[in-house]
């Protein structure tokens, strides 16, 4: 995560970790090449679920459990169109409705990326929060098929244009 400060402040507010905990954890994180959040989780001060809930709450979003979800065929075209972008942004499209695509991310603070996605897809974006590991698994599952198909970026863009026309 690019900037954990907002998340650390929210964790202090919501889960009663102290500023002292954060200060000590920053020192340990710097020494171990881990993020402060990773060290807090490893130490048991907060859980993955608590971090996820705080991320979602701070941006007025819901948490989604990706395990066992099958992404509909009509959303697969979105995958083909934004494959590289999905990996770079750590997002997974989940659902498509007229004028709206629902995605999952582990970083709801990356609003500039969501704006880019809005302009790329030409529709509104509903953002949900999911664990990074679940997003990575979904990306591997759906994007490996795209790569095997060998379609060019231009072909993928034509497919998505057709889907939203």
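Key figures
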quantity	calculated
Qualifying residue in segment 73-89 (condition: surrounded by 15 or more Cβ atoms within 10 Å (Cβ to Cβ) and in a loop (DSSP other than H, G, I, E, B))	no
Among the residues listed as 88, 31, the single one being in the same structural domain as residue 121 (by TED's automatic domain parsing) and either over 30 Å from residue 122 (Cβ atoms) or under 21 Å from the mean Cα position of the chain (by Cα) (or both)	88
Checklist (1) part of a helix (DSSP H, G or I); (2) more than 21 Å from residue 133 (Cβ to Cβ); (3) touching a residue at least 40 places away in the same chain (Cβ under 8 Å) applied to residue 30, failing item	(3)
Qualifying residue in segment 42-55 (condition: touching a strand residue (DSSP E or B) at 6+ places or on another chain (Cβ under 6 Å) and farther than 20 Å from residue 131 by Cβ)	no
Any chance residue 105 is touching a helix residue (DSSP H, G or I) at 6+ places or on another chain (Cβ under 9 Å), touching a residue at least 12 places away in the same chain (Cβ under 8 Å) and over 20 Å from residue 128 (Cα atoms)	no
Answer from 11, 52, 7 - the residue that is within 22 Å of residue 90 (Cα to Cα), at pLDDT below 90 and outside any loop (DSSP other than H, G, I, E, B)	7
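The values are calculated or read from the model by the stated rules, or taken from the named source; none is laboratory data. The structure presented is a predicted model; accordingly, all values stated were derived computationally and were not measured. Glycine gets a Cβ as well: all are built from the backbone with ideal geometry, and neighbour counts include every protein chain shown.
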